[in-house]
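Undergrad: Handing you this structure, nothing more for now.
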Amino acid sequence: MTANSARPYAYQRIVVLTGAGISAESGVNTFRDNGGLWENHRIEDVATPEAFERNPELVQRFYNLRRAQLTEVKPNAAHLALANFEQEYDGEFLLVTQNVDDLHDRAGSQKLLHMHGELKKVRCVRTHRVYDWSDDITDNTLCECCQQPNLRPHIVWFGEMPLFMDEIYRALQSCDLFISVGTSGHVYPAAGFVELATQAGADTIEINLEPSQVKDAFQEHIYGKAGLMLPMYLTKLLQACQASKDA
Ligand code: NAD
């Protein structure tokens with residue numbers, strides 16, 4: 001484990017991007033750490049529109065299991081540190097997650113965008129209405145709006161457009177600090193956010209277990225577990241922001 005020391009500074013507008021690595025210590029599997037498999041499935045078999053067309057039962061079962069798994073996991077120190085930071089920090093803050101779990105929500109994060117959708121939501125394929133959802137979806141599950149079995153997971157699959165992109169790009173174009181946590185840098189457009197933040201003049205830091213695919217785009221790096229490294233980093237960052245305000 002190596003840790004370069006980041007230099008906390010009084011930032012005004014912070015954007016944080018998180019990926020599967022931040023939930024790993026809660027017991028939610030990432031997929032790059034599993035040889036490119038997500039819970040023993042190839043991404044092409046469960047996370048593409050083509051997979052859903054080919055084998056909707058398999059895809060629904062996969063997401064039913066992921067949804068059910070959420071009752072067995074809880075937010076870890078990294079999720080909690082982000083929620084606490086947001087509460088204490090008085091600049092502009094946006095948390096963008098690629099994760100479809102609800103651990104940031106349960107930790108108490110407020111300004112939070114799930115750019116790849118949410119396990120706890122489903123969507124009608126006909127009307128596009130989105131519903132909060134905690135149960136399984138089966139062949140017999142009817143959609144409230146059209147009374148047909150038209151529900152799909154509210155998940156952005158590979159080949160589909162991520163959500164909230166206008167809002168995210170606006171925040172990146174005006175941020176002065178961009179923090180990336182627990183993401184491998186393989187999945188775009190999220191992997192390109194560091195470039196946009198850099199163009200905006202922001203400082204950039206990667207906090208991950210290992211160097212990501214886009215590590216060279218970051219000015220600073222902290223390598224180690226998010227549950228340990230992120231709380232330490234955010235504590236220093238908050239102190240620096242508050243000290244500069246008091247000065
Ligand atoms: P990824 O699996 O490609 O990469 C995870 C990264 O996290 C790796 O670089 C790994 O080294 C790092 N990591 C592992 N444990 C860590 C820890 N304890 N602390 C810090 N870093 C750690 O994940 P990704 O980049 O988010 O891309 C995967 C895509 O799959 C996402 O778009 C997401 O939608 C989906 N996915 C979501 C979940 C979830 O919601 N929790 C889980 C698996 C996959």
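Nothing in this text is a laboratory measurement; each read-out follows from the coordinates by a stated rule. This is a predicted model, so every value here is computed, not measured. Cβ: placed from backbone, ideal geometry, glycine included. Neighbour counts: every protein chain shown.
Undergrad: Among Leu230, Gln199, Phe178, which residue has its Cα furthest toward the positive end of the charge dipole of segment 151-232, with +1 on Lys/Arg Cβ and -1 on Asp/Glu Cβ?
TA: In segment 151-232, that residue is Leu230.
Undergrad: Considering all alpha-carbon pairs of segment 90-151, what whole percent are spaced by more than 13 angstrom?
TA: 67 percent
Undergrad: Just add up the charged neighbours of Gly21: K/R +1, D/E -1, any other residue whose Cβ is under 13 Å from the Cβ of Gly21.
TA: Once positives and negatives cancel, what remains is -3.
Undergrad: For a quick check: with amide H placed at 1.01 Å from N, whose amide H comes under 5 Å from Tyr89's, ignoring anything fewer than 5 positions away on the same chain?
TA: none
Undergrad: If you don't mind, another one. Helix hunt in the chain: which complete DSSP H runs extend at least 24 Å axially by C-alpha with mean Kyte-Doolittle at least 0.0?
TA: 226-246
Undergrad: Which pairs, out of Lys215/Lys245; Lys111/Lys236; Lys121/Lys215, put more than 25 Å between their alpha-carbon atoms?
TA: Beyond 25 Å: Lys215/Lys245; Lys121/Lys215.
Undergrad: What are the ³J(HN,Hα) couplings of segment 199-216, residue after residue, when phi is run through the Karplus curve with 6.51, -1.76, 1.60 and θ = phi - 60°? Round to Hz, x for glycine and proline.
TA: Result, rounded to whole Hz: 4, 7, x, 6, 7, 9, 9, 10, 10, 7, 5, 8, x, 7, 4, 10, 4, 5.
Undergrad: Sticking with this one: Search the structure for amide H atoms under 5 Å from the amide H of Asp203, placed 1.01 Å from N in the peptide plane, and list their residues when 5 or more places away or on another chain.
TA: Leu177, Phe178
Undergrad: Something else now. To check you understand DSSP bridge types, tell me what percent of the beta bridges within the chain (both residues inside) are antiparallel, rounded to 5.
TA: Approximately 30 percent, going by the DSSP bridge assignments.
Undergrad: What are the extents of the Cα atoms of the chain along their three principal axes, in Å, largest first?
TA: On the principal axes, the chain reaches 62, 36, 33 Å in Cα extent.
Undergrad: While we're here: Around Lys74, under 13 Å between beta carbons, what's the net of Lys plus Arg minus Asp minus Glu among the other residues?
TA: It works out to a net charge of -4.
Undergrad: Rg over Rh of segment 45-189, using C-alpha atoms and the Kirkwood radius, what does it come to?
TA: Rg/Rh: 0.99.
Undergrad: Above 20 Å lies some portion of the pair distances; for segment 103-247, what is it as a whole percent of all C-alpha pairs?
TA: Roughly 61 percent, rounded to a whole number.
Undergrad: Separate question: Enumerate the amide H contacts of Trp38 below 5 Å, restricted to partners 5 or more residues apart or on another chain; note that Pro and chain-start residues carry no placed amide H.
TA: Ile43
Undergrad: Follow-up question, since we're still on this one. Summing +1 for each Lys or Arg and -1 for each Asp or Glu, what net charge is found among the other residues whose Cβ lies under 15 Å from the Cβ of Glu167?
TA: Taking every Cβ under 15 Å from that of Glu167, the sum is +1.
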